[in-house]
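Single-structure report; data block below.
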Amino acid sequence: MTDTPLVSELLNDSELHVSSQLKQSPEVVETQGPIETDDLFIDAPKWRKYEQVSCVFADLAGSTSLRKGRWESSTASIYDAAIKPAVSILADFGADFIEIQGDAAFGLFTGKYSQRRAICAGITIKTFGQQVLVPALENRWPSDPPKTGFKVGCAVSDLLSKKIGISRTAHRAPVWAGRAVNYAAKCSQQAQAHEMIVTKPIADSIRRNEYLWYSCSCGDAPTTLWNERHIEKVSGKDSEGLILTSSWCPNCGDLYCERICSGSWRRPDLDSKRNGMLHEKYQQVIKLHEQNSQQIRRNI
């Protein structure tokens, strides 16, 4: 057993640390390429800056009630059954960094098509929760299945990072200064089970991609999949995001996901719809031009 430390000494040491840190102007090192946590500084007053990092935050809904009426071992098995696949999905979509936080996990994506891969990872996690996890739990506890599923958030921003803690010990970890992780977590907090909420920069990318924005052609005519959503506690334009309640189509999911992650955005089956929209916009421009011409003639 270690000796109990003196509170006064701890506070004095902390005060010295605060004073020395606030006198410094940390260096910001522009860093290209993937996030490598082994390269993050810890003792030096240096932070690495990564541009346009996409974050996916997946949170297990109703986790506080998972233990109800079940043995501890059963509750533990639910956590393992849920969280490990979510982490594997983040890794398989190429997340540079993954962190598990109890009943949640988040992944950071950089590099080519990072936003697209992050979006697809988020949709896949919520699809796993709805189509795999929940049916398995209902089969295991048919009379009183756990009410759960994944709530997913996605955001993007520049991030600053370094390791903070005690060097050369296990008591250190990377920290991420910037909006991406914070906003993605806020999005997931405001979602319900099987929902995904994204901030405006992610939403703008989704609107420009026909594989993401429209439903597939398996059933009725393709319709928009996402709805407008104001995100509380997210500042500025980032708060005007989108929410998704649907999941990957069992028939089209593989193809659409592959097309999205490889850079495609245009769906051949929507050519007629796209041409119709362009024609409608053209007619609107013509009508506006005629109205302006008439107004000019009246003024003359």
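Values quoted throughout were computed directly from the atomic coordinates according to the rules given, and no laboratory measurement underlies them. On a predicted model such as this, the values are computed, not experimentally measured, just so you know. Quick reminder, even Gly has a Cβ in these numbers, built from the backbone with ideal geometry, and neighbours come from all protein chains shown.
Details
- Per-residue [θ]222 nm for the chain (sum of -39500 (n - 2.57) over DSSP H runs n ≥ 4, rounded to 500): -13000 deg cm²/dmol
- With the charge dipole of segment 155-250 set up from +1 on Lys and Arg Cβ and -1 on Asp and Glu Cβ about the Cα centre, the Cα lying farthest toward the positive end among the listed residues Thr199, Leu242, Leu212 is that of Thr199.
- When each of Lys49/Lys84; Lys112/Lys186; Lys151/Lys186; Lys162/Lys186 is checked by Cα-Cα distance, pairs over 20 Å: Lys49/Lys84; Lys112/Lys186; Lys162/Lys186
- Loop-located trypsin sites (Lys or Arg not before Pro) across segment 143-243 with a Cβ neighbour count of 14 or fewer within 10 Å are Lys147, Arg168, Arg208, Lys233, with loop assigned by DSSP.
- For the chain, hydrophobic long helices are taken as DSSP H runs at least 15 Å long by C-alpha position along their axis with mean Kyte-Doolittle hydropathy of -0.5 or more; these are 7-23, 72-92, 114-128.
- Under 18 Å from Lys126, Cα to Cα: aspartates and glutamates that are on another chain or at least 8 residues apart: Asp59, Asp80, Asp92, Glu99, Asp103, Glu138, Glu195, Asp254, Glu258
- Segment 1-123: C-alpha gyration tensor shape, a/c 1.5 cut-off, then a/b vs b/c: oblate
- About its Cα centre, the chain has a charge dipole of approximately 1060 debye under the convention of +1 per Lys or Arg Cβ and -1 per Asp or Glu Cβ, with nothing else charged.
- Dividing the mean sequence gap of close Cα pairs (under 8 Å, 6+ apart) by how many residues the chain holds gives a relative contact order of 17 percent.
- For segment 112-142, the set of trypsin sites (Lys or Arg not before Pro) satisfying both a DSSP loop assignment and a count of at most 14 other C-beta atoms within 10 Å is given as Lys112.
- Rh by Kirkwood over Cα pairs, then Stokes-Einstein D for the chain at 1.306 mPa s and 10 °C, µm²/s: 72
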